[in-house]
Amino acid sequence: MAQPIPAPAPSGTKLENPLPIIGTQYCAPYPVDLSVVKKVMTIADGNFVVTDINGTVIFKVKGKLMSLHDQRILLDAAGNPIVTLREKIMSAHDRWYVYRGESKEPNDLLFTVKRSSMIQLKAKLHVFLAKNTKEEVCDFKVEGTYSERSCVVYAGDSPNIVARMSKKTTAQSVLIGKDNFSVTVYPNVDYAFIIALIVILDDMNNENSVE
């Protein structure tokens, strides 16, 4: 069961109806503020932790030890797998496939994510839901900067913002080797889906910095 998220002060654009991508239990009728902490200097499981504004753990993200750059698993607070993020190796546009649970079966595919182009100064990702097989227009897009680790998530190819992320830097976070991100998910938007997008963006950022 998803942890109930405390409601912050109203802000942002509210969708009329819930927009569940992973599950309706992750759609709140109010803005959801989350904190994402990434342990930078680690190769162990559990390199991401996601908490609400009260510090309650909502999600964890772990990577497979033998395939750190091609698979991540989003877990709930109890450690149950929610979705598995798999990168297609040798893909021209860094395409990721996101499946329900720990599956890799086509009928469990929820959505895919890819770079909009090969060469990018700023991050621009296109998200296609599983039913959008033609991929003529993206269902969501993510735009941001690799260097500043900030991004905005839009509904389809429109100016309607559904979530924002920015990096929080403190002296303590630098000393203990952690990256801190502040995420605001607007009402009725699936916040588990947004966290999955941020994990993929972070992985692409790491690949971009190595290139």
Can you find a residue in the range 139-147 that is at pLDDT 95 or above, within 28 Å of LEU34 (Cα to Cα) and part of a loop (DSSP other than H, G, I, E, B)? yes
If LEU68 passes every condition in (1) at pLDDT 90 or above; (2) out of contact with any helix residue (DSSP H, G or I) (no Cβ under 7 Å at 6 or more places or on another chain) but one, which one does it miss? (1)
Given (1) open to solvent by 60 Å² or more (accessible area, probe 1.4 Å); (2) among the hydrophobic types (A, V, I, L, M, F, W, C); (3) modelled with pLDDT of 95 or more, identify the lone condition not met by MET41. (3)
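Would you mind stating whether LYS114 is in contact with a His (Cβ under 8 Å, 6 or more places away or on another chain) and either surrounded by 15 or more Cβ atoms within 10 Å (Cβ to Cβ) or at pLDDT 90 or above (or both)?
Here the answer is yes, as LYS114 does meet what is asked.
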Looking at the range 9-17, can you tell me whether even one residue there is under 22 Å from ASP139 (Cβ atoms), modelled with pLDDT of 80 or more and assigned to a loop (DSSP other than H, G, I, E, B)? yes
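The values are calculated or read from the model by the stated rules, or taken from the named source; none is laboratory data. The model shown is predicted, which means the values in this text are computed figures rather than measured ones. Please note: Cβ atoms are built from the backbone with ideal geometry, for glycine as well, and neighbour counts cover all protein chains shown. Note: accessible area is taken over every heavy atom of the protein model, side chains too, but ligands, DNA and RNA are not part of it. Shrake-Rupley method; radii C 1.70, N 1.55, O 1.52, S 1.80 Å.
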